[in-house]
Amino acid sequence: MAAGLSTRAARPALLGIALALLLLVGASRPNAAQPDLAPAGWAPGPLLPVTLAPAAVTAVLWTAYVLGALAVWLGLRERPAALRTWWVPAGLAALALLTAPFGSADHVNYLAYGRILDQGGDPWLVSPDRWAGGADPVTSRVEAPWTEEPSIYGPVATLLHGLAAAVGGANLREGVWVWQVLVVLAWLAVRALLRGTLPPDARGRVDVLWTLNPLVLGIAVLGAHVDVVATALAVAVVAVAARWTGPGGAVVAGAVAGLAAGTKITYAVVLVGVLAGWWALGREGRPARGRTRWLPPVRAVALLAGALLTAVPLHRWAGPHVFDQLDRSREAVSLATPWRPLLEAARPALGDATTRTLIGLGAAVVAVVLAWLLLRLCRPVPVARSAPRALAPPALWVTACLALAYALSAPYSLPWYDVLVWAALPAVLPGVVDLVALGRLAVMACAYVPGRVLGMTPTVESVTLGFRRLVAPWLSLALWAVVIGLGVRRGSRPGSGPPRAGGRRTPTR
């Protein structure tokens, strides 16, 4: 009994410490994790007269993410009840808006691309250092290594960046704060959509995995990453398709999916999740009361038509260069992935271009294998086929597994690429996939601390870069081994095929 009480007390303490440390970094003066956005204008400036040294900010963030991961692990073990009110999320949202983003300088890039768009330029063609002769007060603040890179983001993201830039004008901090408001609203929207779409007994997992997850909060929300906005749109796709089950709802869901893909193209994966969810519910799905049954092919066509309805005009508006940067970056290999040691080892013999091409092909194969095995290792939360919004659990289950497989296998992968995984995981029954996702995000979070290439001392750079290059790839490879080993073992057991919609079978642990 005493051990149980101490465990229950440990999680709130770990959450409190982790969140306090993360807020400390965001509320302090600019440092190795947080670019300088001054002057503040009417937006919040540094609240604390504290400047964290590179070693201090690195230690603070590492501590916050390790303690945060432990808090999430305890939450997965204890399965606490959902928060009873919105006061805690609202309080966290308010505190987030009093901080400056940290962990990368991506938010500066967002405002630079928005500024170029707002002033009539093409952010997919013009790099920040070339705009206005390099003298613009916003675009000139972009940091290495992105000063010479045009936008890689879709038209929806860039329109939102343009909105923030238009409100902020020549003041970078004001524009970034407007962007932070959009990110925080998206984070709150994900919670609201999940609570309204998933069965009530899954709401506790929503708060463990999303609302009170220090890794998601620190990396994505306090980091002000566009992935939070794209995730909100992806979850909205499932919510719409689950709420309105006919072809009209499918068209609207597809249109929202076009917006998600127009934010970041990888978020089009939610379309596969919805299609697979319909398949899992049976060929005729759940008929609306008193209405004709609509076959999945009709809804599938409606879904894809809806996606084209928004995606085509947006990409035509964005122009012919919208995919240029995406094409150039598709062979990039980041330092913390298992592909980096292979690149370094094979490049002298095979050449750089050939090695990167082979890595791209290998990553596609690994992604398919991991996705299949992850689907074997977990099941969606049970819901009767006749229940309202029955589509949501299987659709989010498939989305979670596909998004996690991509994050694990992609040659170029960063911690905020995991945001969709954590939004979809509440629809999955507790199990080993939770721990794989937690291990992946914890490793990547620590690998990319403090997150910028500027402002570090040689010692801090050596330590953090050493973890990123020499430790993180092998830990990520170990996660591949866990998924493959457990997935093959689970797949060899009788009755381990795909779940039946609405089934109540409990997965083997």
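Looking at THR231, is it touching a residue at least 12 places away in the same chain (Cβ under 8 Å), out of contact with any Asp or Glu (no Cβ under 8 Å at 6 or more places or on another chain) and within 30 Å of PRO30 (Cα to Cα)?
yes
Exactly one of (1) outside any helix (DSSP H, G or I); (2) touching a Ser or Thr at 6+ places or on another chain (Cβ under 7 Å) is unmet by ALA81. Its number?
(2) is the only condition that ALA81 fails.
Please go through the stretch 390-431 and give me each residue that is aromatic (Phe, Trp, Tyr) and closer than 14 Å to LEU194 by Cβ, ordered by number.
Within the stretch 390-431, TRP397, TRP422 qualify.
Restricting the search to the stretch 344-385, which residues are of a type outside the set (Phe, Trp, Tyr), in contact (Cβ under 8 Å) with a residue 60 or more places away in the chain and out of contact with any Leu (no Cβ under 9 Å at 6 or more places or on another chain)?
Selection gives VAL369, ALA384.
Since VAL229 meets every condition but one in (1) over 24 Å from GLY16 (Cα atoms); (2) touching a Pro at 6+ places or on another chain (Cβ under 8 Å); (3) of a type in the set (Val, Ile, Thr), which condition does it not meet?
Single failed check for VAL229: (2).
Being touching a residue at least 12 places away in the same chain (Cβ under 8 Å) and over 23 Å from LYS264 (Cα atoms), is that true of even one residue in the stretch 329-336?
No, because not a single residue in the stretch 329-336 is touching a residue at least 12 places away in the same chain (Cβ under 8 Å) and over 23 Å from LYS264 (Cα atoms).
Would you point out the residue of the stretch 449-470, among those that are outside any helix (DSSP H, G or I) and touching a helix residue (DSSP H, G or I) at 6+ places or on another chain (Cβ under 9 Å), that is farthest from VAL108 (Cα to Cα)?
Applying the filter and picking the extreme gives THR457.
Pairs needed: first member in the stretch 136-153, touching a residue at least 12 places away in the same chain (Cβ under 8 Å); second member anywhere, hydroxyl-bearing (Ser, Thr, Tyr) and surrounded by fewer than 17 Cβ atoms within 10 Å (Cβ to Cβ); C-beta distance under 8 Å; at least 6 residues apart or different chains.
Close Cβ pairs (under 8 Å, with a partner that is hydroxyl-bearing (Ser, Thr, Tyr) and surrounded by fewer than 17 Cβ atoms within 10 Å (Cβ to Cβ)) amount to ILE152/SER329.
Could you look through the stretch 53-95, keep only residues that are charged (D, E, K, R) and in contact with a Lys or Arg (Cβ under 8 Å, 6 or more places away or on another chain), and pick out the one that is surrounded by the fewest Cβ atoms within 10 Å (Cβ to Cβ)?
Only one residue tops the list, namely ARG79.
Looking at ALA90, ALA82, ALA64, which is the one that is closer than 29 Å to PRO430 by Cα and in contact with a Leu (Cβ under 6 Å, 6 or more places away or on another chain)?
Going through ALA90, ALA82, ALA64 in turn, the sole match is ALA64.
Among the candidates GLY133, GLY162, single out the residue that is over 26 Å from the mean Cα position of the chain (by Cα) and either modelled with pLDDT under 95 or part of a helix (DSSP H, G or I) (or both).
So the residue among GLY133, GLY162 that is over 26 Å from the mean Cα position of the chain (by Cα) and either modelled with pLDDT under 95 or part of a helix (DSSP H, G or I) (or both) is GLY133.
The values are calculated or read from the model by the stated rules, or taken from the named source; none is laboratory data. In this text the structure is predicted, and so the values were computed from the model without any measurement. Here Cβ is always computed from backbone atoms with ideal geometry, including for glycine, and neighbour counts include all displayed protein chains.
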